[in-house]
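Engineer: Quick one: this structure, given as structure tokens, is what I'll be asking you about.
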Amino acid sequence: MSRVIFACQTFQIPKAGNTESEYEDAYARRNHGAPSPARYAVADGAETSSFAGLWAWLLVNEFVQGFAPSEHEFWEWCERLGAKWASAVDGRDLPWYAQEKAKRGAFATLLGLTLHRTYWQALAVGDTCLVLVRGDELVESFPVRKADEIGTHPDLVPSRPVRDRSTLPKVRVTKGKWEKGDRFYLATDALAQWFLAEQERGRKPWSTIESYMNPPDRLGILVQKLRADGVMRNDDVTLLRIKVHKSGSKAAKVR
């Protein structure tokens, strides 16, 4: 049987001028344990909300731990997870203005990717983006397809329950077949916007990223340069790059 390996590299850097403790993106991965699928998730906490980094962390970690919600189960899943967020936040000794902000809750985007034996599935709320590159061509961009679709007011997942679910944003889902050599890039909005803008100009931003991937920490050099050149917004940046390898083996294996 063939052996399947999902090789994942990760990178994160806070907004210029901020410390690591102020970083409010989050990511998680579970890329081993066949026959179970591999799971990856990235979230971008809204900095204007309360304890957004904690909410983003809860979302991605719950997603990869085995129960990846369907489109129809998503908001029930969020409410259960929101109760965990509330138990960690409510009752803290906070200044009155911080208490009022906490009552409104936290907000974050979420992108989750599940890689099965022969196909992939993705779920998203907001503008954290998945890009699939096959060979030297972009074949999928989800949930946004163009750079100008990424803005300052993305759809967000709330940590507090909402009375009227009809006001909640759309949960987007998609799936497809993966092939040997495919590369999935999961990126928060600032990097995703630059990536798509470059592709729209006829360039190959995945080649630029790959040239800085060994080791992944070198991507910080690229991010700092793009910020200094004014072609990338100053924001937290998170990237997961998952490459599909497949070769002959006596036993199937997923990492």
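Engineer: Taking 25 Å as the cut-off for C-alpha to C-alpha distance, list the pairs among Lys170/Lys243; Lys103/Lys175; Lys15/Lys170; Lys146/Lys243 that go past it. If you can, show how the numbers build up before the last one.
Structural biologist: Details: Lys170/Lys243 29 Å; Lys103/Lys175 36 Å; Lys15/Lys170 28 Å; Lys146/Lys243 23 Å.
From Lys170/Lys243; Lys103/Lys175; Lys15/Lys170; Lys146/Lys243, over 25 Å: Lys170/Lys243; Lys103/Lys175; Lys15/Lys170.
Engineer: In degrees, nearest 10, range 0 to 90: what is the angle between the Cα axis of helix 219-228 and the longest Cα principal axis of the chain?
Structural biologist: 60 degrees
Engineer: What value, in deg cm²/dmol to 500, does the helix sum -39500 (n - 2.57) over DSSP H runs of n ≥ 4 give at 222 nm once divided by the residues of the chain? Don't skip to the end; give the middle numbers.
Structural biologist: On the way: 6 runs with 67 residues, N = 255.
Here the helix-only value at 222 nm equals -8000 deg cm²/dmol.
Engineer: Still on this structure: Would you calculate the separation in nanometres between label points at Glu179 and Thr19, each defined as 7 Å from the Cα along the Cα-to-beta-carbon direction?
Structural biologist: In this crude label model, Glu179 to Thr19 measures out at 4.9 nm.
Engineer: For an R0 of 22 angstrom, estimate the FRET efficiency from the Cβ-Cβ distance between Arg165 and Arg104 and round to the nearest 0.05.
Structural biologist: Plugging the Cβ-Cβ distance into 1/(1 + (r/R0)^6) gives 0.80.
Engineer: Sticking with this structure for a sec: Put +1 on the Cβ of every Lys and Arg and -1 on every Asp and Glu Cβ in the chain; which of Val144, Tyr40, Tyr27 then has its Cα farthest towards the positive end of the dipole?
Structural biologist: Positive-end residue among those listed: Tyr40.
Engineer: Another question about this same structure. Tell me the angle of helix 52-64 to the major Cα principal axis of the chain, expressed in degrees between 0 and 90 and rounded to the nearest ten.
Structural biologist: Roughly 40 degrees, rounded to the nearest 10.
Engineer: Here is a further query. Does anyone have the angle between helix 189-200 and the longest principal axis of the chain? Alpha-carbon axes, 0 to 90°, nearest 10?
Structural biologist: 40 degrees
Engineer: In what sequence, highest mean first, do 19-25, 119-125 appear when ranked by Cβ atoms within 10 angstrom?
Structural biologist: Working: 19-25: 15.6, 119-125: 21.0.
Packing order, densest peptide first, comes out as 119-125, 19-25.
Engineer: Using the count of nearby Cβ atoms within 10 Å as a rough guide to exposure, how do Thr167, Thr208, Thr128 rank from fewest to most?
Structural biologist: Numbers: Thr167 8, Thr208 15, Thr128 29.
Ranked by crowding around the Cβ, least crowded first: Thr167, Thr208, Thr128.
Engineer: A follow-up question, please. Just add up the charged neighbours of Phe74: K/R +1, D/E -1, any other residue whose Cβ is under 14 Å from the Cβ of Phe74. Walk me through the intermediate numbers first.
Structural biologist: Values: positive: Arg80, Arg165, Lys170, Arg172; negative: Glu62, Glu71, Glu73, Glu76, Glu79, Asp155.
For residues surrounding Phe74, the net value is -2.
Engineer: Something else about it: May I ask for log10 I(q)/I(0) of the chain at q = 0.10 Å⁻¹, from a Debye sum over the Cα atoms as equal point scatterers with solvent left out?
Structural biologist: Rounded to two decimals, the profile gives -0.49.
Engineer: A further question follows. So how strong a dipole does the chain carry about its Cα centre when Lys and Arg Cβ are +1 and Asp and Glu Cβ are -1, to the nearest 20 debye?
Structural biologist: The dipole magnitude comes to about 1160 debye.
Engineer: Using +1 at the C-beta of Lys and Arg and -1 at the C-beta of Asp and Glu, which of Leu130, Phe63, Ala98 has the Cα lying farthest in the positive direction of the dipole of the range 31-131?
Structural biologist: Phe63
Read-outs throughout are calculated quantities, based only on the coordinates presented, and are distinct from any laboratory measurement. All of these numbers come straight from a predicted model, not from anything done at the bench. Cβ: placed from backbone, ideal geometry, glycine included. Neighbour counts: every protein chain shown.
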